[in-house]
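Please see the structure below; I have some questions.
Just so it is clear, none of the values below were taken in a lab; they were calculated from the coordinates. Source: prediction; values computed, not measured. Positions of Cβ are backbone-derived with ideal geometry, glycine not excepted, and every protein chain shown enters the neighbour counts.
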Amino acid sequence: QVQLVESGGGLVQAGGSLRLSCTASGRTWSNYAMGWFRQAPGKEREFVAAIRWSGDSTYYADSVKGRFTIFRNNRKISVYLQMNSLKPEDTGVYYCAARGRGYIDTTPSEYDYWGQGTQVTVSS
């Protein structure tokens with residue numbers, strides 16, 4: 001079992017930045033691929049970014065490419081999402097997820113563990 005706790009959400013103006021953090025506990029997690037997803041009101045949960053267990057491979061949704069960066073620190077058992085040039089359409093609840101198979105996937109159902117989510121609101 002892996003427990004994930006997100007932090008770092010908040011209210012920011014368009015063009016601003018936020019850094020989300022996700023800290024894991026429980027089973028050894030260094031072999032897990034990690035992903036960030038988000039869900040806006042009335043919409044389905046969507047993929048944002050993911051990083052391979054080794055940290056040497058990342059993948060981003062087209063909507064955030066060039067603005068968001070995912071990285072991890074396995075010693076601190078954490079993964080981060082640096083979000084720059086935020087837009088109102090980035091608003092939503094952001095979730096951290098862990099995938100035991102170690103390789104990147106963009107499908108929510110492929111992830112085994114989820115955090116409780118953190119709210120990000122971008123005002124125009």
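For the chain, max minus min Cα coordinate along each principal axis, in Å, sorted largest first?
41, 27, 23
For K65 and T121 in the same chain, what is the full-extension length gain: residue separation times 0.36 nm, less their Cα-Cα distance, in nm?
So the extension gain works out to 18.3 nm.
Compute the distance in nm between two label points, each set 7 Å from the Cα along the Cα-to-Cβ direction, one at E89 and one at E44.
Simple spin-label model gives 1.8 nm for this pair.
Still on this model: Just to be sure I understand: with springs between alpha-carbon atoms less than 10 Å apart, which residue in L86, L11, L20 has the highest mean-square fluctuation in the Gaussian network model of the chain?
For the chain, modelled as a Gaussian network with Cα springs under 10 Å, the answer is L11.
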